[in-house]
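*Asks:* The structure under discussion is supplied below as structure tokens; questions concerning it will follow.
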Amino acid sequence: MRINKFLAQAGIASRRKADELIADGRVKVNRLTLREPGYDVKEGDLVEVDGKAVTVAEEKVYLAINKPVGYVTTVSDQFGRPTVLDLVTDIEARLFPVGRLDYETSGLLFLTNDGDFAYRMTHPKHELGKTYRARVQGFLSRERLAKLRKGVDIGGFTTSPATVEIVRELPKQTIVDITVHEGKYHQVRRMFKAVGNQVVELERIAIGDVRLGRLTSGGYRKLTKEEMKKLGL
Ligand code: URA
């Protein structure tokens, strides 16, 4: 960001006045008086006006993205696989994903630069219901549905009560919506496996009251004011 814009955003002066401050030798960058009015402020630069440090608070950004299958939800990947952040091309903020979705799972994921929000959202105490649409192999009997709803042992952990609704029964597969309240590793896949159905496709369609809606695969949008309110922002 150009120094005059930086000073304007920090509330020091208008851009024109900022240029005057620079010309008057009142602005220092990294302890040296700035002689270059077109200077681009870089990450980590110490900017001072009349000897006082100046900072610009980064605007908080909250995005909903529709993660495609074949992307990782980390900032970088040791195997060089594409990350969800590769999909975001027009936002300057340094974003990171809130929580995780498997490489093979698609659907709703939040991206933010707000560390407190990310921490709150992933803390077990505040865990919001997460709704997934699963395509599973075979038929889901009443008994299996009842087990999933009540809680199943997924190997050393019993899931808490879940909402489970059959969306459609196909000749050899079933489409199911399931809302869970924890975020254990491979939780939904393991829950269905525990009752004898293999998940063949998994998509997250909601986090709390925020829905994936019509976001296209790989598409993203800012959370609305109402959604932010519902998330306690
Ligand atoms: N449960 C899973 O099995 N995978 C996900 O990505 C999310 C929930």
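The values are calculated or read from the model by the stated rules, or taken from the named source; none is laboratory data. As the structure is a prediction and not an experimental result, all values here were calculated from the model. Ideal geometry is used to build each Cβ from the backbone, glycine not excepted, and the neighbour counts take in all protein chains shown. Heavy atoms of the whole protein, side chains included, go into the accessibility calculation; ligands, DNA and RNA do not. Shrake-Rupley method; radii C 1.70, N 1.55, O 1.52, S 1.80 Å.
*Asks:* Considering only segment 165-179, I want to know if a residue exists there that is among the hydrophobic types (A, V, I, L, M, F, W, C), part of a loop (DSSP other than H, G, I, E, B) and within 16 Å of residue 98 (Cα to Cα).
*Replies:* Among the residues of segment 165-179, not one is among the hydrophobic types (A, V, I, L, M, F, W, C), part of a loop (DSSP other than H, G, I, E, B) and within 16 Å of residue 98 (Cα to Cα), which makes the answer no.
*Asks:* When residue 193 is evaluated against the numbered criteria (1) in a helix (DSSP H, G or I); (2) within 27 Å of residue 218 (Cα to Cα), which criterion, by number, is the only one it fails?
*Replies:* Status for residue 193: all satisfied but (2).
*Asks:* I've got another one for you. With respect to residue 201, determine if the residue is open to solvent by 40 Å² or more (accessible area, probe 1.4 Å) and touching a residue at least 40 places away in the same chain (Cβ under 8 Å).
*Replies:* yes
*Asks:* Just to verify a result, which residue in segment 75-86, among those that are under 26 Å from residue 232 (Cβ atoms) and at pLDDT 95 or above, is farthest from the ligand (Cβ to nearest atom)?
*Replies:* Once the filter is applied, the top-ranked residue is 85.
*Asks:* Let me ask something additional. Go through segment 16-31 and give me each residue that's exposed (fewer than 14 other Cβ atoms within 10 Å of the Cβ) and within 19 Å of residue 44 (Cα to Cα).
*Replies:* Across segment 16-31, the qualifying residues are 30, 31.
*Asks:* Now for a different question. Six or more apart or on different chains, Cβ under 7 Å: which pairs go from a residue in segment 1-15 that's surrounded by 14 or more Cβ atoms within 10 Å (Cβ to Cβ) to one that's among the aromatic types (Phe, Trp, Tyr) and at pLDDT 90 or above? Could you list them?
*Replies:* Short answer, once both residue conditions are applied: 3/39.
*Asks:* Answer yes or no as to whether residue 90 is modelled with pLDDT of 95 or more, open to solvent by 20 Å² or more (accessible area, probe 1.4 Å) and outside any helix (DSSP H, G or I).
*Replies:* Spelling it out, it is not the case that residue 90 is modelled with pLDDT of 95 or more, open to solvent by 20 Å² or more (accessible area, probe 1.4 Å) and outside any helix (DSSP H, G or I).
*Asks:* Right, something else. Out of all the residues in segment 204-233, which are assigned to a helix (DSSP H, G or I) and open to solvent by 70 Å² or more (accessible area, probe 1.4 Å)?
*Replies:* 225, 226, 229, 230
*Asks:* List the pairs whose first member sits in segment 31-52 and is touching a residue at least 40 places away in the same chain (Cβ under 8 Å) and under 12 Å from residue 7 (Cβ atoms), whose second member is open to solvent by 90 Å² or more (accessible area, probe 1.4 Å) and outside any strand (DSSP E or B), and whose Cβ atoms are under 6 Å apart, counting only residues at least 6 apart or on separate chains?
*Replies:* From segment 31-52, the pairs are 49/26.
*Asks:* Within segment 53-87, which residues are surrounded by 17 or more Cβ atoms within 10 Å (Cβ to Cβ) and within 30 Å of residue 7 (Cα to Cα)?
*Replies:* 54, 61, 62, 63, 85
Residues are listed down the side, and each one gets a yes or a no for (1) among the aliphatic types (A, V, I, L, M); (2) under 27 Å from the mean Cα position of the chain (by Cα):
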site	(1), (2)
136	yes, yes
143	no, no
150	no, no
158	no, yes
169	no, no
187	no, yes
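*Asks:* Shifting gears a bit: So residue 159 fits all but one of (1) more than 14 Å from the ligand (Cβ to nearest atom); (2) open to solvent by less than 10 Å² (accessible area, probe 1.4 Å); what number is the exception?
*Replies:* Tallying (1) more than 14 Å from the ligand (Cβ to nearest atom); (2) open to solvent by less than 10 Å² (accessible area, probe 1.4 Å), residue 159 fails exactly one: (1).
*Asks:* When the residues of segment 104-127 are narrowed to those that are assigned to a loop (DSSP other than H, G, I, E, B) and surrounded by 13 or more Cβ atoms within 10 Å (Cβ to Cβ), which ends up nearest to the ligand (Cβ to nearest atom)?
*Replies:* Top of the filtered list is 105.
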